[in-house]
Every structure is written in C-alpha cells, then in structure tokens.
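K.L.:
Dropping the structure in here first, questions after.
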Amino acid sequence: RADGREQAVRVLLAAAGTLGDRDVRAEFGREAIEAKRHEYVARYTNRIAEKAQALAGAMTRYYDRRPVSAEGFNRDLQLFAAENAAQQSMLEDPWGNALVGEGSLNANGYSYLTLRSQGPDRRNGTADDLMVQVYAQRSARAVSPAPFKGRVSVRVNAVAGNRAMIEGFVSDERGNPVAGVGVTARRLSNGRTARGYTDAEGRFTIANLAPGNYRVMFERDGLRPATYKSLALEAGGRAVIESSLERQNEAAISLAVYPYYSKSEMVEVAADAGFKDGRRLRKQNEMKRDGAFRALEMQVGQAAGAPAAAAANLSSSDLDASKEKGGEGGGPRVRSFFPETLYTNPALITDGQGRASIRVPVADSITTWRVTSLASTARGALGSSTYPVRVFQDFFVDLDLPVSITEGDVVSVPVAVYNYLPQAQRVNLELRQDPWFALDQDAATKQVQVGAGEVTVAYFRVKASKIGEQQLQMTARLEGAAGQSGDAVARAINVLPNGEEHAVVINERLEGEVTKDVLIPDGAIADASKIFVKFYPGALSQVVEGLDSILQMPGGCFEQTSSSTYPNVLVMDYLKTSKEITPEIQAKAEGFISLGYQRLVTFEVQGGGFSWFGQAPANKILTAYGLMEFSDMSRVYEVDPRLIERTQSWLASQQQPDGSFKPDTYFINEGATNRYNADTLRITAYIGWALAATGYSGEAVEKAKQFVKSRSTGKEDAYTLAVIANFAADQGRDKAWLDAAIGSLAAKAVESEKTAYWKQVGETPTSARNDSADLETTALAAQALLKSGQKSGLAKKALDYLTEKKDAFGNWQTTQATILSLKAFLLSFTRGTNADTAGAIEVSVDGKPVERFEIAKENNDLLHMVDLKAHTHQGAHRIGLIFKGKGSMQYQIVGRYYLPWSLRAAPAREPLSIDVSYDRTRLRQDETATAKVSVQNNTTAKAKMVMIDLGVPPGFEPVREDFEELMGTTRQKSGGKIEKYTITAKQVILYLDGLNPRQRLDFSFRLRARFPVRAQTFSSRVYEYYNPRIEDKTRPV
C-alpha cells in the first residue's frame, strides 16, 4: 500500500507540472490542477513543515552566535549541519534527501527564504519538488541616539536677505563621507522643519531658513541618530556643521515558517454569517476599546499551490461541486468557469457590530480559495484575516493545456482523473470533437481504471487546425457507480496563426463622408485577417482605449510602472473634477492606483530620489517626472505627503548656487551621457517645472526660473522650448515670460493644413529618438499651449497630429509618449477645447451598409468600435464612413493580417539583431533543451533601454535559476547588464541597461518539457523600449 501511494505521488505530481510564481499571473486554466495536488502535497509538505519549525528555532539560535554567510541561506544550513551532526535529521525530507535552502538574508528588514525538497524522484527542479516558505526578520536591537560628535561654526552676514542657511559634512567613525543621511532642522519656536540629504561626498545644504533657534537631527538606516540640540541662526547667518555618526548594533535575526494548513485544522463558518463580532480578525490591542469594524476590504482568490484540505467551509460540510448536475442528456454538468480571483471588494461597509454578509457566486474550480480580509475602525485600528474555503467533489477530471499554441501544433493533452470515492472506478473518457482540432492517430474515447483514493493520467493527442479562441471539453463517466454520473470540464486555449502579424493603420478626422481602401494581400493566412473601425467623439475616448493596451506593455522599471498607473490617475482626476464618478468606478480605480503606488515607492533610492530600477544613484530627471506623478496622484488617492515633500526637498538640495542643476553622470545606462542630459538649461527647466507644478514653496523655483530666463535664447531645440513653456505656465507669475516662451514654441511648429507637430533634434529624457521623440515633444507642446490659453488653433492641430499617429493598439509607440499624449487630451477636455459632438454614423464595406449608431452626450466620451471581420477576405476593401450631425471626430481604421513565415523576406542588417537556436528539438517529458541566444548592437552608437522578448514554446517552461544566474554574471557589466526579468506563460522578458557600440551578448537558458507536444516556438524579439521601431525578430523553430 505504501509503494502504491509513492507511485501515485510520482504520477500526480508529474502530471501537475508546477509553474513558478511569475507564470501564474498569465497562464490561465491551470489553477485547478495545481491546487488539487493537495492530497499528497499536504501530507508530505506537512512533514517538511514540522521539521522546518524546529529548524527555524535552531537557526535563530545559530544566528545569535554566527554571522550571515554572504553565499546565501543554503550555505548557512551547511555550516549549521557541520556544527550539529546530531540534528542532521531535521535537514532531511521524507525521502532522505537533504533540504536545500534558497534565497539570501537582506542586510536590512526582512527576507523570504525557501526550503526545497527534491521530492520522490530525488532530482532537483522537477515537477514533484516540494517547498516550505520561511520568513526571516531582522529585529533591530534597541537603538539609542548617539551623542553629537563634530564641530559647529556660524558666520554672520554670509547670506543675502533676511534668511539663513545650514550646510555641512557627515562622516562615519572612520572619517569616510556618508551619503543619504537625512538632515532635519526643526525650529524650536514653532516646530516647522526643513530637510536635506547628504550627497555622495557626504555634504548637505538646507537653505532659505528663517532666523531662529534650531534643533538639527541626523538620521540614516544602519547608523545611530545624532542631534545638535540648539543652533542659533540670525538673519544672514550661515552655519557649518561637521558631524560623525556611529554604526548601529547588528540586528537580531529570527526565522519563522509560513503556516501550512492541514486537514486537522479545518474550521467551519455559516454561509452568510459574515464576521461574528470580529472574531476572525487579528486585532491590535486598542481594537478592544474601539468597538466594531467600520470598513472592510475583502478579496477571495485562489491559494496558489495551497492544499484544498485546510478550509473554512461554506456549509456544515464541504461545498460539494458535484451537486449541480444536469449537463446535456442528463450527463454531468460541464465545469468551464475558472477565474483566478473570485471576488474583490475594496470598500465593504459593515454594520455597527462589525458584521458584513456577502454572496459570492462559486466558480467551477475544485480548489481551496483564500479569503483575505483587511478591516479598520473609525479610529484607525486595523485587523486582518486570511482563511481558506474548500470547494471539493469526490470524483473529477482536469485538463492541463498551454495558454496558446500555433496552428499545426500537436499536443498530447494530459487528462488527470481523481478518485476520492471509497471504491475503485472504471472510467470512460470522451473528448468532444470540435472543428478546431483533429485527433492525431488517437481515439476520442478511452477507458481507465483508477483505484480508491488514487489518481491516474490519460493522454489525448490533438492537432490544432483552426485559428482563434477555442475550447477543449472532456467528459468522464463512471461505470456502475450509484448516485455518481462523473464529471465534465472545458478549458480555453488560443490557437495562433502560423505567420508574422502585419497592420495597416489609417488615422484621420471625420467630417461628413469619407472612403478609404484597405488591402489584405494575397497569401495572407485564411481566417486570420480582420478590419475594424474606431471612433473617438471626445477626448476621454482617446484615453479609454489606451487603458487596457498600456497595461500589456512591459512594466519592469520606474517609468514603465508609472505608465501603467498614470492613466488611472488621470481618468479618475477627470471624473472627480467633472463630478461624473460613481462609487463602483472609484473603488475599482483606487484599487489599480493603490497597486501602482505600492510598486512605485519601491524604486526610491536610499538617501532621496528615484532611479530606473531603484538602485543608486538617483536620477534627477526621472525623480522630477515621478514627483509630478505623485502630485497628480495625491488629488485622487492618499499619497504620503512626506514622500512628496521628501522628493521636493531632495531635488531642491541638488540645485547649484546660480539656480541651475547639474546633469546626471548616470543616465539610464551606466556611463552614458546623452544630449538631453548634458544640457544644463534643459535639466534646470525640467526640474523647475516639476517643483512649480507640484506646489513647492521654496526659493528653488524662482532661482531656476531666473537661470532659465537668463540663459534661454528662444533658439533651443523643440523639447527644451516645450519644457520651458510648461514651466512658465505652471509657475504662473510672469506673463511676459510665458508669452515669450509660447511664442518661441509656436515658431518651432511644423504646420500643415490639418496638423502641427514639433520635430525634435536629439534625444528626450527617456532616450527616445526620431518619431518617438517627435510624439513626446508634440504632446508636451500641446499641454503648454492648452495651459496658457493661447493659440488654440495650433493646440487643436497638435492634438489632431497625435490622434493621427496612434498605433493599432491605441497607443503612441512608447509608454512615455502615450502618457504625455493622454495628459494632453485630458487637458483639452478640462480646458473646454472640445466641441460637443452628436449625430449618426454609418459604416459600409464595399458599398454595403453594415453598421449604424448614434453619438449623443451620454456616450460622447466612449470609444466606439465596429468589427468588420465577417466582411474581411483577401483583396482590396473600400471602407465607407458617413457622419451626419454636429461637430466632428477622429477615427481609426485598422487592418490586421498574417503572412506565412515562408513569405518573409530575408531581413536587412538591422541596428539590433537577435538569433535563437536550440541544442536539440526532440526530447522526452521532463528533460531539458538549451536555448542559445545571441543579441548584437550593429551600430556605432549605444543602444539604450534594450528589451529582449524570448518566445517559450507551448508545453515547456523556462528554468528560472538560469536567469537568476544570468543577472548575477552581468551585474558588473557596463552595457549588456540584465537589470530584471519577467516570466509569463509564453515569453521571458529581459530588461537590459543597454548595449555598447558593436557589443554582442551571448547567453543560454534551459527549457523543461512538461508534457508530450510537437509544436513550434513563438517568435523572439529584441528592440529599444523607447524606440520600438528599432527591432529584430526571429522566425519560429
């Protein structure tokens, strides 16, 4: 019996084919088979967790007497084992394998570590590996302020005007300069504070202080704080403080194991009981005094990899997913609804007793849902709870499908059959035969025998033959089981065309009647082409379209993350201003903004400012951009005001005595100094604009203005003039300067009868060039014109140019150009430059009317799209558009088609090139193939912010450790350094700092075969993020 269980473990875990955390977000349709491994996962993981609990206590004591190894957690375990041979058993899994530690302890704060078991196959990195999560906390020992050590001197009549200043130098105990020390000057009479930070040389300046007595405090993580208690400053006084700070005592380390629920821990709650007097919420002490919970945030999501055993049931017994029967012909009901998040409510209001009742439609997943609730009282006390809800039936089947395959791919689909009934079962499996696939030398029906409490796997070999969103349905019927009809499940799969995508895009303004021709070339793949027409009656409709598509762009760095958050901020600000927001929209938008905000603050550099990947040094231009975003966000979301003040102060502290700001020597790429960055006038105007736009009241704004006014000639490049005009408009105190700035900007416009744009010579702050740079510059120019209220005709032409340049996804090539354009359109709406548009629209194809609808005030802000796929075929199509009514609107016609890869012309030598090859193309399940990648910059200029998008073939998963190792080996490189990576269901995205002139980057990674498949890879691509037309693609293999 034990041998049978061990065999079942191997079969079940091999069939499941686990994915990493990074894949879960994209690979829909796998959640049930992941969660339903619970019977064996729970049994053996609990054994490992019990050992891990004892090991955590032993390691806590170990760290009290031993330092943390620089080689990582696993090395610490090895050293512990060498010292404690008698306790060797706690480092072994149930199969006698040594537990492997993963991760490293951070120098500060907390760390997430892992104990990994090789599982019953005794091999690393295979599907049956089991893991227990460990949390390491550095608990700071008591930190007492250190006595002030240093020197203080004050010079009188050293500062012009009725003000004073403090400057100085901070060092450590050895006299070395310390960067990132926060220096706070608090005026004793009224408590007002001013703050600065030390730079890389340990120096700081706090200017523009009122005369008075000050307490000066020095603080930084890892160092003991120190205070100079009383500093008297008279008008014109300048104090110089030299301070030495001591190191803080090493923090104590404690380890704890994340709770792993077992069947014995099962609890029950009534279906609609809600929260009974808050008993399910962990409460802070003051909560007992504060009474009921007034507000509750609640989310029900699948517990990734969690066992279905530990559960709070929806009734006195398990929620039985088999009770709803009644499929066709009296067979089992087909389960087809598998969301990853079942319910979310960010603002659930309880009654006066802290009770709330909700009804949640249960999905078809047989899994354990994790209910997460966060609560707060009227006085601000907090509580939280996480508990499982188990959905289960005694017999069920599941399919393990890839997210996407290509037409012509052959996949052996694993069907897992789970039998929790007390008797063995003979099961008839039947695959519903649909037109989108053909069986590949296989049968549609099979019979399997599965023992009581066991699982088995059968395979069905299918060949994809029709493009589109498809569904695969499997029915399992039991022979002779009284009261049990079996189970049926349907899973979604996307079949992609076997070719390269092309798009034809037409953007124009609709005034009356127009006809346009769209050609779908001969040779285009059948059933893969379509034409659609989009109408934009109002400015907000331009924004709405971009919301979804911009979220699909890579989001690994600060600016990219900003761009997935900023649209929600902009739209919510507009809706609040126009008083058209509803509680539902507000709650949803605030959820997105909250997530973006929490991610953005992780890019702050210690000591002040922000950088692309959160690593020192901070970048002043990027920090100024982030400051404007946080300021905009604060109008619609609770942003920590100290973050804005801290960022403003850091920027102001970087100002030179003449009012200018020094260019950064580190700009996106290590050692790269582009034309934008080297221009002191431009960077000063940009930072001055950011400070003015965010309401900074210090003298830095006026000093920056005076510097810009005195240095500007009106002959600068278009981007600089657009920044200066925005600075003048937002500073708002010098009309003559504003008029001059708008005049210089307008003189740079390239005007035609219908549109106007600004040609940028050189790069923008994000290294955009050519068309992308023109888009950013034009969007900024449009904003300045709209803010000033001048030259409204030119502003309208600029907006028409931006609309004309939209791509097929509703964006403007890059995230930065898209955000700046969205801001311009929303600004045009709030400034009243949009005329009301109303009337009737008619759409025809090849002379035949196909659609008619009305535009009115109620739907003016909406994007209207007409899908013409039913009328699309090879050849030329004449699209007719008629608008009858008031006003006019922008429209876009998009034709998409795919050409077979065999028709792709041999590419010319591109500025960037990529080649991907594989060491073998035939392998067994669970074996690995090695992909060899070569990326090259073929130009004499540095390629900046390079992205590599590696296609992952269906049925395979990349080995994550290879990319971790790759990040480590490139960490010290200047050019070719991999800053970050992201793994999704069908791609690996690598974020590079850039590639030096003629530089070639070679690396390899492994792909593990999860189940039998004959398929081709997805295409791989390399491109510059802010110049996406500089790209190269590979053909599939």
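FYI, it's all coordinate maths here, none of it is from the lab. These figures come from a predicted structure and were not determined experimentally. Because the Cβ atoms are built from the backbone with ideal geometry, glycine has one as well, and the counts that use them run over all protein chains shown.
K.L.:
How much length, in nm to one decimal, is gained on full extension between Ala347 and Arg635, taken as 0.36 nm per residue of separation minus their Cα-Cα distance?
P.N.:
Gain on extension, Ala347 to Arg635, equals 101.8 nm.
K.L.:
For a quick check of your reading of the filter: which GluC sites (Glu not before Pro) in the stretch 55-98 sit in a DSSP loop and have no more than 11 other Cβ atoms within 10 Å?
P.N.:
Taking the stretch 55-98 and a limit of 11 other Cβ atoms within 10 Å, the loop GluC sites (Glu not before Pro) found are Glu71.
K.L.:
For the stretch 375-384, what does the Karplus curve 6.51 cos²θ - 1.76 cosθ + 1.60, with θ = phi - 60°, yield as ³J(HN,Hα) per residue in whole Hz, taken in order and with x for Gly and Pro?
P.N.:
For the stretch 375-384, the Karplus-derived couplings read 10, 9, 9, 4, 8, x, 5, 10, x, 8 Hz, x marking Gly and Pro.
K.L.:
Moving on. Quick check for me: using +1 on Lys/Arg Cβ and -1 on Asp/Glu Cβ, what's the dipole size of the stretch 150-244 about its Cα centre, in debye to the nearest 20? Kindly include the intermediate steps, with their values, before the conclusion.
P.N.:
Working: 14 positive and 9 negative charges, 78 e Å.
That gives the stretch 150-244 a dipole magnitude of about 380 debye.
K.L.:
Considering only DSSP states other than H, G, I, E and B, which trypsin sites (Lys or Arg not before Pro) in the stretch 938-972 qualify as loop sites with at most 11 other Cβ atoms within 10 Å?
P.N.:
Arg971
K.L.:
Can I ask one more? What ³J(HN,Hα) values, in whole Hz, does the Karplus curve 6.51 cos²θ - 1.76 cosθ + 1.60 give for the stretch 184-190 when θ = phi - 60°, with x put for Gly and Pro?
P.N.:
10, 9, 10, 6, 5, 6, 10
K.L.:
Bin all alpha-carbon pair distances of the stretch 894-954 at 5 Å intervals from 0 and give each bin's fraction as a whole percent.
P.N.:
Using 5 Å bins, I get a P(r) of 3, 10, 16, 17, 19, 17, 11, 5, 1 for the stretch 894-954.
K.L.:
Same structure again: Can you compute log10 of I(q)/I(0) for the stretch 150-244 with the Debye formula, treating each Cα as one identical point scatterer, at q = 0.11, 0.12 Å⁻¹?
P.N.:
-0.28, -0.33
K.L.:
State the extension gain, in nm to one decimal, for the chain segment bounded by Asp734 and Asp846, taking 0.36 nm per residue of separation less the distance between their alpha-carbons.
P.N.:
Full extension of this stretch gives 34.6 nm more.
K.L.:
Show the residues, 5+ positions off or on another chain, whose built amide H is closer than 5 Å to the amide H of Ser465.
P.N.:
For Ser465, whose amide H was placed from the backbone, the distant partners under 5 Å are Gly408, Phe437, Ala438.
K.L.:
Along the Cα-to-Cβ line of Thr969, 7 Å from the Cα, sits a label point; which residues in the stretch 997-1037 have backbone N less than 16 Å from it?
P.N.:
1000-1007
K.L.:
Another one. Residues of the stretch 486-506 with the amide nitrogen closer than 12 Å to a label point 7 Å from the Cα of Glu469, along Cα-to-Cβ, please.
P.N.:
It comes to 492-495, nothing else.
K.L.:
Picking from Ala492, Gln441, Gly480, whose Cα lies most toward the positive end of the charge dipole for the stretch 398-495 (charges on Cβ: Lys, Arg +1; Asp, Glu -1)?
P.N.:
The listed residue farthest towards the positive side: Gly480.
K.L.:
Using the 10 angstrom Cβ neighbour count as an exposure proxy, how do Asp846, Asp129, Asp522 rank, fewest first?
P.N.:
Fewest to most other Cβ atoms nearby, the residues stand as Asp522, Asp846, Asp129.
K.L.:
Structure shown: which of Lys620/Lys944; Lys944/Lys980; Lys516/Lys806; Lys530/Lys944 lie over 23 Å apart, alpha-carbon to alpha-carbon?
P.N.:
Long pairs (Cα-Cα over 23 Å): Lys530/Lys944.
K.L.:
Can I ask one more? How much length is gained on full extension from Asn213 to Asp172, taking 0.36 nm per residue of separation minus their Cα-Cα distance?
P.N.:
Full-extension gain reported as 12.1 nm.
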